[in-house]
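Down below is the structure, laid out as structure tokens.
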């Protein structure tokens with residue numbers, strides 16, 4: 001059977017050829033891939049086909065509460081049988097620390113991304129077999145294609161899916177109840193009590209599905225072992241998919257939690273054409289002068305984070321947004337959900353520079369609808385997790401995101417709609433709200449902090465240990481506070497024509513500005529305190545948070561001090577892949593992010609490099625050196641190189657503080673991609 005192919009060529013391709021990994025097969029385990037579905041669901045794995053993380057799976061479905069994201073299909077054993085009885089295994093697996101099986105690595109001629117979708121090319125003698133995988137947009141479905149591009153004769157393909165249907169964050173040992181299989185012909189259904197039904201279909205003209213008694217396959221997960229989690233667990237196989245594949249022919253395995261009517265509305269090849277066309281439309285929205293291969297890759301990477309959350313409704317009747325239009329941003333793959341802080345920081349890069357204004361508006365309205373005590377949520381419910389409001393900065397970042405949205409879209413109607421909510425937010429902050437968040441009337445600066453809570457973006461916590469509590473008056477919180485006051489002052493005067501309220505906001509802003517410059521300046525170091533009025537006094541540790549006193553729309557720091565602050569940050573914190581979270585000279589500095597959870601969280605904001613901070617650094621750079629756009633663009637070169645490292649085609653969360661700056665944490669992070677893309681587009685005319 002020959003599937004109809006898309007007629008237009010795929011022009012955005014990133015390749016990893018045999019010459020890139022020959023002699024170093026570990027690269028195939030270290031490099032990862034990601035495909036998403038616009039709901040928060042995804043597929044991911046190592047290029048070698050080995051599940052090295054508990055989050056590696058062929059299908060992670062995004063389900064309504066109380067389930068949340070659910071791992072439905074894990075591993076796929078793939079065998080090719082030739083007419084001369086030779087057998088080739090394409091996918092790898094790891095049975096223990098000394099039992100790694102990578103037979104497919106010797107056959108892999110190329111791995112590539114086509115419009116950010118993964119393709120494997122296997123070569124054995126005169127035969128060339130390609131494997132493709134994608135998830136249709138807003139479906140909990142994965143299609144895996146196999147095409148025999150060349151060969152003197154047919155081959156037989158045998159696939160054995162291996163399952164551990166479980167809650168997303170469960171350890172690999174959590175297998176639970178047995179599986180039940182039903183179905184005949186080209187379709188089967190697999191049921192585990194308490195979970196969605198997994199439907200699998202075999203699109204193969206000369207193929208069959210052979211069911212068998214459940215067989216256990218024990219796997220070792222090296223990434224889990226490295227960080228001290230349960231690292232050995234069983235998968236179960238219940239059926240084998242067989243087909244004879246002719247030269248020039250193609251077969252497809254589909255796995256889904258959708259009903260049969262949804263998945264079969266189109267043929268898998270047609271679904272793929274639709275998805276490729278959708279991705280091309282995303283690229284077409286970008287202004288022509290900013291188009292480049294790097295920008296295209298970043299735009300496609302950005303698309304992975306903008307989702308329609310499953311089953312989420314709005315609480316505020318005054319927000320005119322149907323539930324089906326609710327949008328949000330996943331903070332990072334594989335394990336983060338949507339966070340208020342990350343969403344507001346990422347919104348400009350992910351939606352505005354990509355022309356996705358309606359989705360940006362939906363995100364802003366959705367967060368406003370869940371306002372509580374003057375705070376936007378930092379996390380929404382997922383699975384059994386409840387919404388949380390324990391953040392001092394997400395709400396202030398909301399003002400920044402709205403400012404950038406209104407400026408890019410020209411949508412004053414939405415701005416006017418939200419103004420009463422913005423005034424409500426400011427009033428709560430002026431009079432005090434949860435978690436000790438409130439203005440000190442003596443100096444007009446914003447305090448925050450409550451025992452046992454981490455309220456700033458430096459939010460690592462292990463058990464009861466808050467690693468970087470930063471209680472008191474944090475530098476970036478007050479930079480954001482001043483910026484929010486000035487923005488609301490301007491909007492109040494222009495949109496509500498309320499000069500009295502505008503004057504009140506201006507007075508609060510001016511008091512904060514005066515106090516900030518008087519109290520945050522660390523004369524000895526010629527940079528800014530990170531926190532003042534904390535439980536132990538003022539904190540003079542050199543951190544990147546002070547950059548926001550320069551980088552925001554309304555910088556709170558006096559201009560004559562910008563150069564000194566930027567110089568200190570450049571000398572001690574700047575790396576090719578972002579900024580260190582703490583200067584190497586400071587007590588508590590950690591050069592690497594590794595070990596068990598406690599060791600990693602102890603390093604999370606104690607030196608570890610954060611990619612997203614390159615954005616405010618470039619903003620500050622251009623304010624100090626407005627004519628050096630070429631130099632600013634060079635600052636992005638290290639992060640653009642990361643598109644070929646770690647998880648191919650995207651940028652991760654963090655890096656070790658010292659060379660070679662190994663990638664760590666989430667392998668795909670929203671604000672890392674967003675800030676790289678935002679700055680790249682801003683500097684595109686050079």
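The values are calculated or read from the model by the stated rules, or taken from the named source; none is laboratory data. Here the structure is a predicted model, which means the values were calculated and not measured. Virtual Cβ from ideal backbone geometry, glycine too; neighbours counted across all protein chains shown.
Kindly indicate whether any position in the range 419-430 is part of a helix (DSSP H, G or I), touching a strand residue (DSSP E or B) at 6+ places or on another chain (Cβ under 9 Å), touching a residue at least 12 places away in the same chain (Cβ under 8 Å) and surrounded by fewer than 21 Cβ atoms within 10 Å (Cβ to Cβ). Yes, some residue in the range 419-430 is part of a helix (DSSP H, G or I), touching a strand residue (DSSP E or B) at 6+ places or on another chain (Cβ under 9 Å), touching a residue at least 12 places away in the same chain (Cβ under 8 Å) and surrounded by fewer than 21 Cβ atoms within 10 Å (Cβ to Cβ). Regarding residue 414, is this residue under 24 Å from residue 403 (Cβ atoms), buried (at least 16 other Cβ atoms within 10 Å of the Cβ) and outside the structural domain of residue 540 (by TED's automatic domain parsing)? So residue 414 passes the test. Go through the residues of the range 394-410 one by one and say whether even a single one is in a loop (DSSP other than H, G, I, E, B) and in contact with a helix residue (DSSP H, G or I) (Cβ under 8 Å, 6 or more places away or on another chain). Checking the range 394-410: not a single residue is in a loop (DSSP other than H, G, I, E, B) and in contact with a helix residue (DSSP H, G or I) (Cβ under 8 Å, 6 or more places away or on another chain). From the list 112, 31, the one residue that fits, being within 17 Å of the chain's Cα centre (by Cα) and either in the same structural domain as residue 138 (by TED's automatic domain parsing) or without any contact (Cβ under 8 Å) to a residue 60 or more places away in the chain (or both), is 31.
Looking at residue 615, is it closer than 25 Å to residue 333 by Cβ, in a helix (DSSP H, G or I) and modelled with pLDDT of 95 or more? Criteria met by residue 615. Each residue in the range 541-561 was checked for being in a helix (DSSP H, G or I) and either out of contact with any helix residue (DSSP H, G or I) (no Cβ under 7 Å at 6 or more places or on another chain) or surrounded by fewer than 18 Cβ atoms within 10 Å (Cβ to Cβ) (or both), and 3 of them qualify. Here residue 484 fits the description: assigned to a helix (DSSP H, G or I), outside the structural domain of residue 671 (by TED's automatic domain parsing) and more than 30 Å from residue 588 (Cα to Cα).
In this structure, residue 501 qualifies as in the same structural domain as residue 553 (by TED's automatic domain parsing), over 28 Å from residue 451 (Cα atoms) and in contact (Cβ under 8 Å) with a residue 60 or more places away in the chain.
A quick yes/no check of all residues on (1) in a strand (DSSP E or B); (2) at pLDDT below 95; (3) in contact with a strand residue (DSSP E or B) (Cβ under 9 Å, 6 or more places away or on another chain); (4) surrounded by 22 or more Cβ atoms within 10 Å (Cβ to Cβ):
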site	(1), (2), (3), (4)
3	no, yes, yes, no
7	no, yes, no, no
16	yes, yes, yes, no
23	no, yes, no, no
44	yes, no, yes, yes
60	yes, no, yes, yes
65	no, yes, yes, no
72	yes, no, yes, yes
80	yes, no, yes, yes
